[in-house]
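Here's the structure we're looking at; comments come further down.
The values are calculated or read from the model by the stated rules, or taken from the named source; none is laboratory data. Only a predicted model underlies this, so the values are computations on that prediction, with no experimental measurement involved. Neighbour counts are summed over all protein chains in view; Cβ atoms, including those assigned to glycine, are modelled from backbone coordinates with ideal geometry. In case anyone asks, the SASA skips ligands and DNA or RNA and just uses the protein heavy atoms, side chains included. Shrake-Rupley method; radii C 1.70, N 1.55, O 1.52, S 1.80 Å.
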Amino acid sequence: DFAIRCYRQAIEANPSIAEVYTNLLFTLSHSAMVDAAALFAEHCGFGEQFEAPLRDSWPQHTNTRDPDRCLQIGFVSADLHDHAVASFIEPIWAYLAGCPSVSLHAYCNNAVEDDVTRHLRAHIKHWHTIPFLSEAELAEKILADGIDILIDLSGHTADNRLPVFARKPAPIQATWIGTAATTGLTAMDYRITDFELDPPGQTECYHSEQLMRLPAQAAYRPEPGCPEVNALPAQRCGGFTFASLNATLKINVAVIDLWSRILQTVPGSRLMLGYAESTEVRARLTERFVRNGVAEERLLFQPKLKMLEYLALHHQID
C-alpha cells in the first residue's frame with residue numbers, strides 16, 4: 001500500500017515516465033484492495049497516457065497479404081536469460097525454428113546474457129540486442145525489419161518495451177506469458193491465453209485486447225535430470241507439509257489469513273515458503289502468521305534456488 005502511494009505521487013510529479021506507471025500497475029495487481037474493474041481502468045489510464053498521443057501517427061503497414069510467403073515474427077522481452085519466461089518460450093522457439101513458413105526475430109532487452117540466453121539464441125535466425133535503443137529507434141527498426149506479427153513477452157514487468165508497441169510498429173501485435181493481465185493498449189491486438197486462465201465470457205471486459213485462447217497458455221519442457229515424483233513425505237515423517245514457492249510479494253494479508261486458518265485446521269502441519277531471501281522478509285511473514293496463532297516453528301523458509309535444487313525441494317512437500 002505504501003508503494004502504491006509512492007508511485008502515484010511520482011506519476012503526479014512527472015506523468016511521462018512509463019517505467020513508474022508500469023511499476024504502479026504491477027504493484028496494484030498484487031493488492032487485495034483492487035478489484036478487476038478498477039485494475040482494468042488503471043491499465044487503460046496507461047494507454048491514454050502513452051498511446052493516445054501516438055495513434056494519429058501510426059504507420060500505414062505495407063506487409064503483403066501473400067498466404068504463401070514466409071512470415072516475419074518478432075518477440076520482445078527482457079527475460080531471455082535464467083528466468084521463468086525463458087523456460088516457457090524455449091520449447092515454442094525450438095519447434096518454430098524448424099518451420100519454413102516463419103522466420104523468427106528476437107528483440108532482446110536483457111541487461112545481461114547467460115547460458116540460457118546463448119541456448120535461446122541458437123533457435124533464432126535474427127537476434128537483435130536492444131537495451132540502448134529508444135522507443136522511436138526500436139519502433140523504426142521493427143518497421144524496417146518488416147515484422148508481420150510482434151509479440152510482447154513482458155506485459156507490465158521489469159524492462160518491458162510496451163511504449164514501443166504503443167507506436168504500432170507491426171500490423172499484428174500480441175502479448176503473451178509475461179503477465180496474466182491486459183496491457184491497456186489498443187495497439188495490442190491480442191492477449192494469448194487459455195480457457196483456464198480466461199474462461200469464455202468472464203474476463204473479456206477487462207482487456208483492451210482480444211483474447212486468443214490456446215489449448216494451453218504456454219509450453220513447458222522439464223529440466224534434464226529433474227527428480228522423479230516421490231511418495232508423500234507425510235507418509236514417512238507424519239506431519240503434513242504445505243508449500244508456496246512463489247515470490248513473497250504475492251503473499252498479502254488476505255492470503256496469510258486464509259493459510260493460517262488452513263494450518264490451524266490441520267494439526268501438526270507446516271508451511272514451507274520459498275523466495276524468502278532476507279531476514280526482514282522472514283521476520284515480517286513470521287510476525288503475521290504468529291499474530292494469527294500459527295507458531296513460528298511451523299514455518300519453513302527457503303531462499304531462491306537453482307532449478308534442479310528447486311525441483312528437488314518438492315520431495316519435502318505434500
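Scanning region 122-143 for residues that are under 26 Å from Arg167 (Cβ atoms), out of contact with any Leu (no Cβ under 8 Å at 6 or more places or on another chain) and of a type outside the set (Ser, Thr, Tyr) yields a total of 12.
Quick check: anything in region 275-288 open to solvent by less than 80 Å² (accessible area, probe 1.4 Å) and touching a Lys or Arg at 6+ places or on another chain (Cβ under 7 Å)? Yes: region 275-288 contains one or more residues that are open to solvent by less than 80 Å² (accessible area, probe 1.4 Å) and touching a Lys or Arg at 6+ places or on another chain (Cβ under 7 Å).
Every listed requirement among (1) more than 21 Å from Leu162 (Cα to Cα); (2) without any contact (Cβ under 8 Å) to a residue 60 or more places away in the chain is met by Arg191 save one, (1).
Let me confirm something: among Ile262, Ile256, which residue is open to solvent by 60 Å² or more (accessible area, probe 1.4 Å) and assigned to a helix (DSSP H, G or I)? Show your work before the answer.
Values: Ile256 fails: open to solvent by 60 Å² or more (accessible area, probe 1.4 Å).
Only one candidate qualifies: Ile262.
For the residues Gln302, Gln217, the requirement of being open to solvent by less than 60 Å² (accessible area, probe 1.4 Å), within 30 Å of Ile4 (Cα to Cα) and at pLDDT below 90 singles out Gln217.
Residue pairs whose Cβ atoms lie under 8 Å apart, separated by 6 or more positions or on different chains, with the first residue in region 1-24 and farther than 13 Å from Gly45 by Cβ and at pLDDT 95 or above and the second of a type in the set (Ser, Thr, Tyr) and not in a helix (DSSP H, G or I), are Ile4/Ser31. For region 105-115, the set of residues classified as closer than 16 Å to Ala158 by Cβ and in a strand (DSSP E or B) consists of Tyr107, Cys108, listed by residue number. Among the numbered conditions (1) open to solvent by 50 Å² or more (accessible area, probe 1.4 Å); (2) touching a residue at least 40 places away in the same chain (Cβ under 8 Å), the only one that Arg118 does not meet is (2).
Residues in region 234-244 that are at pLDDT below 95 and in a loop (DSSP other than H, G, I, E, B): 2 in all. For region 150-184, the candidate set comprises residues that are of a type in the set (Val, Ile, Thr), part of a strand (DSSP E or B) and in contact with an Asp or Glu (Cβ under 9 Å, 6 or more places away or on another chain); within that set, the residue that is surrounded by the fewest Cβ atoms within 10 Å (Cβ to Cβ) is Ile172.
Taken over region 28-41, residues that are surrounded by 18 or more Cβ atoms within 10 Å (Cβ to Cβ) and free of Cβ contacts under 8 Å to residues at least 60 places away in the same chain amount to 1. Only a single criterion out of (1) more than 25 Å from Val20 (Cα to Cα); (2) open to solvent by 30 Å² or more (accessible area, probe 1.4 Å) is not satisfied by His83, namely (1). Flag set for Glu51, criterion: open to solvent by less than 20 Å² (accessible area, probe 1.4 Å) and either among the small types (Gly, Ala, Ser) or in contact (Cβ under 8 Å) with a residue 12 or more places away in the chain (or both). For region 241-249, check the following and say yes or no: at least one residue is farther than 29 Å from Ala3 by Cβ and touching a residue at least 60 places away in the same chain (Cβ under 8 Å). Checking region 241-249: at least one residue is farther than 29 Å from Ala3 by Cβ and touching a residue at least 60 places away in the same chain (Cβ under 8 Å).
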